Amino acid sequence: MDLTVVDKRYREAREKYGELGIDTERALEELQKFQISLHCWQGDDVQGFEWQEISFEGSGLQVTGNFPGRARNAAELRQDLEKALSLIPGHHRVNLHSIYGEFNGPVERNEYEPSHFRGWLEWAKILNLKLDFNATCFNHPKAASGLTLSHPRKEIRKFWVDHVKCCRKIAAFFGRELKSYSIHNLWIPDGLKDIPSDRWLYRQLLYDSLEEIFELEFSQTLLKDSLESKLFGLGSEAFVVGSHEFYLAYALKKGKMVCLDLGHFHPTESVADKLSAILQVSSELLLHISRGLRWDSDHVVIGNDELDALAEEIVNSPLPEKIHLALDYFDGSMNRVGAWVLGARSTLRSLLRALLLPWERIKQAELAGESLAKLAWRQIARDLPLGAVWDYYCLNHNVPPEDMWLAEVKDYEEQVLSQR
Ligand code: RNT
Ligand code: ZN
(Lines give C-alpha, C1' and ligand atoms only; values in the text may rest on other atoms or scores of the structure.)
(Ligands and ions follow the chains in the order given, each with its own letter.)
Protein backbone atom coordinates (compact mmCIF):
# COMPACT_ATOMS: atom_id res chain seq x y z
CA MET A 1 0.00 0.00 0.00
CA ASP A 2 1.16 3.49 -0.90
CA LEU A 3 2.56 5.43 2.07
CA THR A 4 0.84 8.64 1.12
CA VAL A 5 -2.51 6.85 0.94
CA VAL A 6 -2.05 5.50 4.46
CA ASP A 7 -1.11 8.98 5.62
CA LYS A 8 -4.08 10.61 3.98
CA ARG A 9 -6.49 8.03 5.37
CA TYR A 10 -5.03 8.48 8.81
CA ARG A 11 -5.46 12.25 8.72
CA GLU A 12 -9.11 11.81 7.75
CA ALA A 13 -9.58 9.27 10.51
CA ARG A 14 -7.92 11.53 13.06
CA GLU A 15 -10.43 14.21 12.23
CA LYS A 16 -13.37 11.86 12.44
CA TYR A 17 -12.28 10.58 15.84
CA GLY A 18 -11.55 14.15 16.91
CA GLU A 19 -15.19 15.08 16.31
CA LEU A 20 -16.09 12.61 19.05
CA GLY A 21 -13.42 13.95 21.37
CA ILE A 22 -11.04 11.06 20.77
CA ASP A 23 -7.34 11.82 20.42
CA THR A 24 -5.80 9.29 18.03
CA GLU A 25 -2.26 10.52 18.66
CA ARG A 26 -2.61 9.80 22.36
CA ALA A 27 -4.09 6.40 21.65
CA LEU A 28 -1.10 5.50 19.49
CA GLU A 29 1.29 6.57 22.21
CA GLU A 30 -0.56 4.42 24.70
CA LEU A 31 -0.60 1.44 22.36
CA GLN A 32 3.15 1.59 22.05
CA LYS A 33 3.50 0.83 25.76
CA PHE A 34 1.91 -2.61 25.50
CA GLN A 35 4.31 -5.51 25.27
CA ILE A 36 3.18 -8.98 24.36
CA SER A 37 5.22 -12.02 25.33
CA LEU A 38 5.46 -14.22 22.25
CA HIS A 39 5.23 -17.91 23.17
CA CYS A 40 8.07 -19.88 21.62
CA TRP A 41 6.01 -23.09 21.64
CA GLN A 42 3.76 -22.07 18.75
CA GLY A 43 6.82 -22.40 16.53
CA ASP A 44 7.20 -26.17 16.85
CA ASP A 45 3.96 -27.57 18.31
CA VAL A 46 5.29 -27.69 21.90
CA GLN A 47 8.02 -30.20 20.99
CA GLY A 48 11.09 -28.57 22.50
CA PHE A 49 14.69 -29.71 22.09
CA GLU A 50 15.16 -32.48 24.61
CA TRP A 51 17.03 -35.58 23.62
CA GLN A 52 14.12 -37.92 24.23
CA GLU A 53 10.92 -38.16 22.21
CA ILE A 54 8.22 -36.22 23.97
CA SER A 55 4.81 -37.66 24.58
CA PHE A 56 1.70 -35.63 25.30
CA GLU A 57 0.32 -38.45 27.45
CA GLY A 58 -0.98 -37.12 30.74
CA SER A 59 -0.39 -33.52 29.73
CA GLY A 60 -3.97 -32.67 28.88
CA LEU A 61 -2.60 -30.81 25.86
CA GLN A 62 -3.23 -31.67 22.26
CA VAL A 63 -1.66 -30.18 19.16
CA THR A 64 -3.27 -30.95 15.85
CA GLY A 65 -1.98 -30.35 12.34
CA ASN A 66 1.12 -31.18 10.40
CA PHE A 67 1.87 -28.07 8.38
CA PRO A 68 5.36 -28.22 6.87
CA GLY A 69 8.22 -26.11 8.18
CA ARG A 70 8.12 -26.72 11.93
CA ALA A 71 11.26 -25.35 13.62
CA ARG A 72 13.53 -28.30 14.47
CA ASN A 73 16.18 -26.59 16.54
CA ALA A 74 16.89 -23.38 18.42
CA ALA A 75 18.45 -21.65 15.42
CA GLU A 76 15.36 -22.26 13.29
CA LEU A 77 13.01 -21.26 16.07
CA ARG A 78 14.89 -18.02 16.65
CA GLN A 79 14.91 -17.30 12.93
CA ASP A 80 11.12 -17.81 12.85
CA LEU A 81 10.59 -15.66 15.91
CA GLU A 82 12.62 -12.89 14.34
CA LYS A 83 10.49 -13.05 11.23
CA ALA A 84 7.30 -12.92 13.29
CA LEU A 85 8.58 -10.01 15.40
CA SER A 86 9.43 -8.09 12.24
CA LEU A 87 5.75 -8.17 11.27
CA ILE A 88 4.33 -7.10 14.64
CA PRO A 89 4.34 -3.37 15.45
CA GLY A 90 5.94 -2.33 18.74
CA HIS A 91 8.55 -3.85 21.00
CA HIS A 92 7.70 -7.20 22.55
CA ARG A 93 9.00 -10.04 24.71
CA VAL A 94 9.68 -13.74 24.15
CA ASN A 95 8.31 -16.48 26.37
CA LEU A 96 10.37 -19.67 26.64
CA HIS A 97 9.47 -23.08 27.97
CA SER A 98 12.24 -24.94 29.74
CA ILE A 99 12.33 -27.77 27.16
CA TYR A 100 13.68 -25.25 24.64
CA GLY A 101 17.14 -25.19 26.19
CA GLU A 102 20.16 -26.18 24.14
CA PHE A 103 21.22 -29.29 26.00
CA ASN A 104 23.72 -31.07 23.75
CA GLY A 105 22.88 -34.50 25.13
CA PRO A 106 20.78 -36.02 27.87
CA VAL A 107 20.06 -33.61 30.70
CA GLU A 108 17.24 -34.40 33.08
CA ARG A 109 14.73 -31.71 33.94
CA ASN A 110 15.93 -31.51 37.51
CA GLU A 111 19.39 -30.66 36.15
CA TYR A 112 18.48 -27.71 33.95
CA GLU A 113 20.81 -24.77 34.34
CA PRO A 114 21.17 -21.21 33.12
CA SER A 115 24.04 -22.36 30.89
CA HIS A 116 21.57 -24.33 28.77
CA PHE A 117 19.96 -21.03 27.84
CA ARG A 118 23.08 -19.05 26.93
CA GLY A 119 22.15 -19.15 23.25
CA TRP A 120 18.76 -17.63 23.97
CA LEU A 121 20.28 -15.03 26.25
CA GLU A 122 22.86 -13.90 23.70
CA TRP A 123 20.18 -13.70 21.05
CA ALA A 124 17.90 -11.70 23.36
CA LYS A 125 20.73 -9.29 24.12
CA ILE A 126 21.41 -8.65 20.46
CA LEU A 127 17.75 -8.02 19.71
CA ASN A 128 17.17 -6.16 22.97
CA LEU A 129 14.42 -8.61 23.95
CA LYS A 130 13.29 -9.53 27.46
CA LEU A 131 12.62 -13.18 28.22
CA ASP A 132 9.91 -14.88 30.25
CA PHE A 133 10.07 -18.49 31.32
CA ASN A 134 7.99 -21.58 32.13
CA ALA A 135 8.72 -24.83 33.91
CA THR A 136 7.65 -27.82 31.81
CA CYS A 137 5.82 -30.25 34.10
CA PHE A 138 4.37 -32.28 31.24
CA ASN A 139 5.42 -34.22 28.12
CA HIS A 140 7.66 -36.41 30.23
CA PRO A 141 7.57 -40.04 31.48
CA LYS A 142 7.40 -38.82 35.09
CA ALA A 143 4.24 -36.86 34.23
CA ALA A 144 2.52 -39.64 32.30
CA SER A 145 0.09 -40.30 35.15
CA GLY A 146 -1.10 -36.72 34.88
CA LEU A 147 0.22 -35.88 38.34
CA THR A 148 3.40 -33.97 39.12
CA LEU A 149 3.67 -31.59 42.08
CA SER A 150 0.71 -33.28 43.75
CA HIS A 151 1.77 -36.84 43.01
CA PRO A 152 1.23 -39.06 46.08
CA ARG A 153 4.72 -40.49 45.65
CA LYS A 154 7.35 -38.36 47.29
CA GLU A 155 10.15 -39.04 44.78
CA ILE A 156 7.99 -37.98 41.83
CA ARG A 157 6.95 -34.83 43.63
CA LYS A 158 10.56 -34.09 44.50
CA PHE A 159 11.65 -34.49 40.89
CA TRP A 160 9.15 -31.85 39.80
CA VAL A 161 9.81 -29.56 42.74
CA ASP A 162 13.49 -29.64 41.79
CA HIS A 163 12.65 -28.96 38.15
CA VAL A 164 10.61 -25.87 39.02
CA LYS A 165 13.37 -24.68 41.35
CA CYS A 166 15.85 -24.94 38.46
CA CYS A 167 13.45 -23.01 36.23
CA ARG A 168 12.98 -20.15 38.67
CA LYS A 169 16.75 -19.82 38.87
CA ILE A 170 16.98 -19.68 35.09
CA ALA A 171 14.26 -17.00 34.97
CA ALA A 172 16.08 -14.96 37.62
CA PHE A 173 19.26 -15.34 35.58
CA PHE A 174 17.45 -13.85 32.57
CA GLY A 175 16.18 -11.07 34.81
CA ARG A 176 19.69 -10.28 36.01
CA GLU A 177 21.36 -10.49 32.62
CA LEU A 178 18.68 -8.63 30.68
CA LYS A 179 18.08 -6.03 33.37
CA SER A 180 14.36 -6.59 33.49
CA TYR A 181 12.20 -8.99 35.47
CA SER A 182 11.40 -12.33 33.90
CA ILE A 183 7.98 -13.80 34.60
CA HIS A 184 8.11 -17.43 35.61
CA ASN A 185 4.72 -19.01 35.03
CA LEU A 186 3.81 -22.36 36.51
CA TRP A 187 1.13 -24.55 35.01
CA ILE A 188 0.85 -28.21 35.91
CA PRO A 189 -1.52 -30.78 34.42
CA ASP A 190 -2.39 -32.36 37.77
CA GLY A 191 -5.87 -33.73 38.02
CA LEU A 192 -8.00 -36.84 37.80
CA LYS A 193 -10.03 -38.33 35.00
CA ASP A 194 -12.71 -39.50 37.37
CA ILE A 195 -14.33 -38.58 40.64
CA PRO A 196 -11.65 -37.89 43.26
CA SER A 197 -12.04 -39.50 46.65
CA ASP A 198 -9.60 -37.23 48.44
CA ARG A 199 -9.44 -33.74 47.00
CA TRP A 200 -7.83 -32.49 50.19
CA LEU A 201 -4.84 -34.78 49.85
CA TYR A 202 -3.82 -33.61 46.35
CA ARG A 203 -4.30 -29.96 47.18
CA GLN A 204 -2.35 -30.26 50.37
CA LEU A 205 0.48 -31.96 48.48
CA LEU A 206 0.47 -29.19 45.89
CA TYR A 207 0.46 -26.58 48.62
CA ASP A 208 3.47 -28.21 50.27
CA SER A 209 5.32 -28.49 46.95
CA LEU A 210 4.73 -24.81 46.27
CA GLU A 211 6.02 -23.92 49.71
CA GLU A 212 9.21 -25.78 48.95
CA ILE A 213 9.53 -24.24 45.50
CA PHE A 214 9.11 -20.69 46.76
CA GLU A 215 11.45 -21.10 49.71
CA LEU A 216 14.11 -19.44 47.64
CA GLU A 217 13.12 -15.81 47.28
CA PHE A 218 14.19 -13.49 44.50
CA SER A 219 13.80 -9.78 44.09
CA GLN A 220 10.77 -8.91 41.97
CA THR A 221 13.08 -6.88 39.79
CA LEU A 222 14.56 -10.19 38.62
CA LEU A 223 11.72 -12.65 38.86
CA LYS A 224 7.96 -12.47 39.12
CA ASP A 225 6.13 -15.73 39.85
CA SER A 226 2.75 -16.52 38.42
CA LEU A 227 0.44 -19.50 38.88
CA GLU A 228 -1.93 -20.70 36.17
CA SER A 229 -5.15 -22.52 36.94
CA LYS A 230 -7.39 -24.55 34.67
CA LEU A 231 -11.00 -25.70 34.70
CA PHE A 232 -10.34 -29.12 33.23
CA GLY A 233 -8.15 -30.86 30.68
CA LEU A 234 -8.04 -34.08 28.71
CA GLY A 235 -7.68 -36.73 31.40
CA SER A 236 -8.46 -34.29 34.22
CA GLU A 237 -12.15 -33.90 33.50
CA ALA A 238 -13.32 -34.68 37.01
CA PHE A 239 -10.82 -32.78 39.11
CA VAL A 240 -8.02 -30.26 38.69
CA VAL A 241 -5.76 -29.81 41.68
CA GLY A 242 -4.61 -26.30 40.74
CA SER A 243 -8.04 -24.77 40.30
CA HIS A 244 -8.68 -21.04 40.06
CA GLU A 245 -9.72 -20.80 43.71
CA PHE A 246 -6.66 -22.73 44.84
CA TYR A 247 -4.16 -20.50 43.06
CA LEU A 248 -6.00 -17.27 43.67
CA ALA A 249 -6.06 -17.94 47.41
CA TYR A 250 -2.43 -19.04 47.38
CA ALA A 251 -1.24 -16.12 45.28
CA LEU A 252 -2.97 -13.52 47.41
CA LYS A 253 -1.58 -14.98 50.59
CA LYS A 254 1.96 -15.27 49.26
CA GLY A 255 2.26 -12.13 47.14
CA LYS A 256 2.39 -14.03 43.83
CA MET A 257 0.30 -13.35 40.76
CA VAL A 258 -2.21 -15.55 39.01
CA CYS A 259 -2.22 -16.25 35.31
CA LEU A 260 -5.64 -16.19 33.67
CA ASP A 261 -5.73 -18.18 30.44
CA LEU A 262 -8.70 -17.29 28.25
CA GLY A 263 -9.29 -20.96 27.55
CA HIS A 264 -9.22 -22.10 31.16
CA PHE A 265 -12.65 -21.08 32.34
CA HIS A 266 -16.19 -22.09 31.64
CA PRO A 267 -17.03 -20.94 28.10
CA THR A 268 -19.64 -18.46 29.34
CA GLU A 269 -17.38 -17.07 32.06
CA SER A 270 -15.80 -13.72 31.23
CA VAL A 271 -12.09 -13.39 31.96
CA ALA A 272 -12.41 -9.66 31.19
CA ASP A 273 -14.67 -9.30 34.20
CA LYS A 274 -12.06 -10.80 36.51
CA LEU A 275 -9.34 -8.18 36.02
CA SER A 276 -10.85 -5.37 38.06
CA ALA A 277 -11.90 -7.87 40.72
CA ILE A 278 -8.50 -9.48 41.25
CA LEU A 279 -6.53 -6.26 40.89
CA GLN A 280 -8.39 -4.60 43.75
CA VAL A 281 -6.33 -6.85 45.99
CA SER A 282 -3.52 -8.37 43.93
CA SER A 283 -0.99 -5.95 42.51
CA GLU A 284 -0.31 -7.74 39.21
CA LEU A 285 -1.56 -10.50 36.97
CA LEU A 286 -0.64 -12.37 33.82
CA LEU A 287 -2.93 -13.11 30.91
CA HIS A 288 -2.56 -16.05 28.57
CA ILE A 289 -4.37 -14.81 25.51
CA SER A 290 -5.84 -17.74 23.68
CA ARG A 291 -9.02 -18.60 21.81
CA GLY A 292 -10.93 -21.56 23.10
CA LEU A 293 -13.39 -23.16 20.73
CA ARG A 294 -15.91 -25.02 22.90
CA TRP A 295 -13.08 -25.92 25.27
CA ASP A 296 -9.42 -25.07 25.92
CA SER A 297 -8.58 -25.77 22.30
CA ASP A 298 -5.74 -23.23 22.01
CA HIS A 299 -6.82 -21.84 18.65
CA VAL A 300 -4.93 -18.93 17.12
CA VAL A 301 -6.17 -15.61 18.48
CA ILE A 302 -8.20 -13.38 16.20
CA GLY A 303 -10.36 -10.40 17.07
CA ASN A 304 -13.69 -11.30 18.64
CA ASP A 305 -16.02 -10.01 21.35
CA GLU A 306 -14.06 -11.75 24.08
CA LEU A 307 -10.77 -10.20 23.06
CA ASP A 308 -12.39 -6.79 22.65
CA ALA A 309 -13.94 -7.01 26.11
CA LEU A 310 -10.58 -7.98 27.58
CA ALA A 311 -8.82 -5.12 25.81
CA GLU A 312 -11.41 -2.66 27.11
CA GLU A 313 -10.76 -3.76 30.67
CA ILE A 314 -7.01 -3.49 30.17
CA VAL A 315 -7.06 0.04 28.79
CA ASN A 316 -9.57 1.17 31.40
CA SER A 317 -7.50 -0.19 34.24
CA PRO A 318 -5.74 2.53 36.26
CA LEU A 319 -2.64 0.34 36.19
CA PRO A 320 -2.46 -1.29 32.75
CA GLU A 321 1.26 -1.95 33.22
CA LYS A 322 0.38 -4.38 36.01
CA ILE A 323 -1.44 -6.61 33.53
CA HIS A 324 1.16 -8.72 31.75
CA LEU A 325 0.22 -9.98 28.31
CA ALA A 326 1.32 -13.28 26.82
CA LEU A 327 -0.01 -15.38 23.98
CA ASP A 328 -0.78 -19.05 24.48
CA TYR A 329 -1.99 -21.27 21.68
CA PHE A 330 -0.55 -23.91 19.42
CA ASP A 331 -1.88 -24.73 16.01
CA GLY A 332 0.15 -27.01 13.77
CA SER A 333 -2.32 -26.85 10.90
CA MET A 334 -1.09 -23.56 9.45
CA ASN A 335 2.01 -21.50 8.85
CA ARG A 336 3.28 -21.20 12.42
CA VAL A 337 5.05 -17.89 11.91
CA GLY A 338 1.83 -16.43 10.56
CA ALA A 339 -0.02 -17.80 13.59
CA TRP A 340 2.21 -15.73 15.88
CA VAL A 341 1.78 -12.65 13.74
CA LEU A 342 -1.98 -12.98 13.50
CA GLY A 343 -2.43 -13.51 17.24
CA ALA A 344 -0.15 -10.66 18.29
CA ARG A 345 -1.51 -8.22 15.72
CA SER A 346 -5.11 -9.10 16.58
CA THR A 347 -4.42 -8.48 20.26
CA LEU A 348 -2.79 -5.12 19.57
CA ARG A 349 -5.57 -4.13 17.22
CA SER A 350 -8.17 -4.93 19.89
CA LEU A 351 -6.21 -2.77 22.33
CA LEU A 352 -6.19 0.06 19.80
CA ARG A 353 -9.92 -0.34 19.26
CA ALA A 354 -10.44 -0.09 23.01
CA LEU A 355 -8.21 2.99 23.26
CA LEU A 356 -10.27 4.65 20.54
CA LEU A 357 -13.73 4.22 22.05
CA PRO A 358 -15.60 7.40 23.04
CA TRP A 359 -15.19 6.61 26.71
CA GLU A 360 -16.07 10.04 27.98
CA ARG A 361 -19.47 9.90 26.36
CA ILE A 362 -20.09 6.27 27.25
CA LYS A 363 -19.12 6.73 30.88
CA GLN A 364 -20.99 9.99 31.30
CA ALA A 365 -24.12 8.43 29.87
CA GLU A 366 -23.80 5.53 32.27
CA LEU A 367 -23.34 7.75 35.31
CA ALA A 368 -26.28 9.88 34.25
CA GLY A 369 -28.44 6.79 33.95
CA GLU A 370 -28.83 7.25 30.20
CA SER A 371 -28.76 3.62 29.20
CA LEU A 372 -29.81 4.22 25.64
CA ALA A 373 -27.05 6.75 24.97
CA LYS A 374 -24.51 4.45 26.58
CA LEU A 375 -25.30 1.70 24.12
CA ALA A 376 -25.76 4.04 21.17
CA TRP A 377 -22.23 5.48 21.54
CA ARG A 378 -20.77 2.03 21.44
CA GLN A 379 -22.73 1.25 18.33
CA ILE A 380 -21.74 4.53 16.66
CA ALA A 381 -18.10 3.77 17.42
CA ARG A 382 -18.31 0.64 15.31
CA ASP A 383 -18.34 2.80 12.19
CA LEU A 384 -15.22 4.74 13.05
CA PRO A 385 -12.20 4.18 10.76
CA LEU A 386 -10.11 2.04 13.12
CA GLY A 387 -8.33 0.31 10.23
CA ALA A 388 -6.87 3.58 8.97
CA VAL A 389 -5.35 4.31 12.38
CA TRP A 390 -4.02 0.76 12.69
CA ASP A 391 -2.35 0.80 9.27
CA TYR A 392 -0.73 4.13 10.09
CA TYR A 393 0.59 2.70 13.37
CA CYS A 394 2.02 -0.33 11.55
CA LEU A 395 3.78 1.74 8.92
CA ASN A 396 5.19 4.05 11.55
CA HIS A 397 6.71 0.99 13.20
CA ASN A 398 8.12 -0.25 9.92
CA VAL A 399 5.84 -3.24 9.67
CA PRO A 400 3.41 -3.95 6.85
CA PRO A 401 -0.18 -2.74 7.09
CA GLU A 402 -3.04 -5.17 7.56
CA ASP A 403 -3.42 -6.20 3.93
CA MET A 404 0.27 -6.91 3.38
CA TRP A 405 1.73 -9.00 6.17
CA LEU A 406 0.17 -12.19 4.86
CA ALA A 407 2.10 -11.92 1.61
CA GLU A 408 5.34 -11.58 3.58
CA VAL A 409 4.51 -14.65 5.62
CA LYS A 410 3.78 -16.56 2.41
CA ASP A 411 7.07 -15.45 1.00
CA TYR A 412 8.90 -16.68 4.08
CA GLU A 413 7.05 -19.96 3.74
CA GLU A 414 8.34 -20.44 0.22
CA GLN A 415 11.88 -19.22 0.88
CA VAL A 416 12.50 -20.78 4.28
CA LEU A 417 9.83 -23.01 5.79
CA SER A 418 9.22 -25.20 2.76
CA GLN A 419 12.97 -25.89 2.48
CA ARG A 420 13.08 -27.62 5.88
C1 RNT B 1 -2.01 -25.44 29.44
C2 RNT B 1 -1.64 -24.05 29.80
C3 RNT B 1 -0.18 -23.72 29.66
C4 RNT B 1 0.40 -24.26 28.37
C5 RNT B 1 1.84 -23.86 28.14
C6 RNT B 1 2.46 -24.64 27.04
O7 RNT B 1 -3.36 -25.65 29.39
O8 RNT B 1 -2.40 -23.13 29.09
O9 RNT B 1 0.00 -22.36 29.76
O10 RNT B 1 -0.34 -23.89 27.28
O11 RNT B 1 2.54 -23.96 29.31
ZN1 ZN C 1 -1.89 -21.02 29.32
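The values are calculated or read from the model by the stated rules, or taken from the named source; none is laboratory data. Keep in mind that what you see is a predicted model, and the values were worked out from it rather than measured. Glycine gets a Cβ as well: all are built from the backbone with ideal geometry, and neighbour counts include every protein chain shown. We work out accessible area using only protein heavy atoms, side chains counted, and drop any ligands, DNA or RNA first. Shrake-Rupley method; radii C 1.70, N 1.55, O 1.52, S 1.80 Å.
So what is the relative contact order of segment 117-220, in percent, for Cα pairs below 8 Å that sit 6 or more residues apart? Walk me through the numbers before you get to the answer.
On the way: 116 pairs, mean separation 37.5, N = 104.
Once divided by the residue count of segment 117-220, the mean separation gives 36 percent.
Per-atom-type breakdown for the chain gives carbon and sulfur 50% of the accessible area (1.4 Å probe, protein chains only).
From Cα pairs below 8 angstrom and at least 6 apart in sequence, can you work out the relative contact order of the chain, rounded to a whole percent? Show your work: numbers first, answer last.
Details: 751 pairs, mean separation 88.1, N = 420.
It rounds to 21 percent for the chain.
Pairing the Cα long axis of helix 118-127 with the longest principal axis of the chain, what angle in degrees results, from 0 to 90 and rounded to the nearest 10? Helix 118-127 sits at roughly 10 degrees to that axis.
Ranked from highest to lowest mean number of other Cβ atoms within 10 Å per residue, what is the order of the peptides 236-243, 392-399, 405-412, 349-356? Please list the in-between numbers first.
On the way: 236-243: 20.2, 392-399: 17.8, 405-412: 16.2, 349-356: 24.0.
Descending packing order for the listed peptides: 349-356, 236-243, 392-399, 405-412.
Based on Cβ point charges of +1 for Lys and Arg and -1 for Asp and Glu, what charge dipole magnitude is obtained for the chain about its Cα centre, in debye rounded to the nearest 20? Charge dipole of the chain: 600 debye, to the nearest 20. Think of the chain as having a plus end and a minus end, set by charges on the Cβ of Lys, Arg, Asp and Glu; of Gly58, Ala344, Asn128, Asn128 sits farthest toward the positive end of this dipole.
Along the axis of the charge dipole computed for segment 129-249 (Cβ charges of +1 for Lys and Arg, -1 for Asp and Glu, origin at the Cα centre), the listed residues Ser145, His244, Leu206 are led at the positive end by Ser145.
Would you mind checking Lys179/Lys274; Lys179/Lys322; Lys254/Lys322; Lys179/Lys254 for any pair whose Cα atoms are more than 20 angstrom apart? Show your work: numbers first, answer last.
Numbers: Lys179/Lys274 31 Å; Lys179/Lys322 18 Å; Lys254/Lys322 17 Å; Lys179/Lys254 24 Å.
Result: Lys179/Lys274; Lys179/Lys254 exceed 20 Å.
Counted by Cβ distance under 11 Å from Gly101, the other residues give a net charge of -2, where Lys and Arg count +1 and Asp and Glu count -1. Probing with 1.4 Å while keeping every protein chain in the model, the per residue accessible area of the chain equals 45 Å². Computed from phi, the 3J(HN,Hα) profile of segment 253-260 under the Karplus parametrisation 6.51, -1.76, 1.60 (θ = phi - 60°) reads 5, 9, x, 9, 10, 9, 10, 9 Hz, with x in place of Gly and Pro.
Taking only C-alpha pairs under 8 Å that are 6+ residues apart, what is the relative contact order of segment 141-202 in percent? Please list the in-between numbers first.
Values: 40 pairs, mean separation 23.4, N = 62.
Answer for segment 141-202 is 38 percent.
Both radii were evaluated on the Cα set of segment 239-309; the Rg over Rh quotient, with Rh as the Kirkwood radius, amounts to 0.97. Scoring 174-180, 312-318, 275-281, 260-266 by mean Cβ neighbours within 10 Å over their residues and listing the highest first yields 260-266, 174-180, 312-318, 275-281. Think of each Lys and Arg Cβ as +1 and each Asp and Glu Cβ as -1; about the Cα centre, that makes the dipole of segment 36-178 roughly 520 debye. Using θ = phi - 60° in the Karplus curve 6.51 cos²θ - 1.76 cosθ + 1.60, the 3J(HN,Hα) couplings for segment 20-30 round to 9, x, 9, 9, 5, 4, 5, 4, 5, 5, 5 Hz; x is entered for Gly and Pro. Can you find, among His324, Pro385, Cys167, the residue sitting farthest towards the positive end of the charge dipole of the chain, where Lys and Arg contribute +1 and Asp and Glu -1 at Cβ? Most positive-ward Cα: Cys167.
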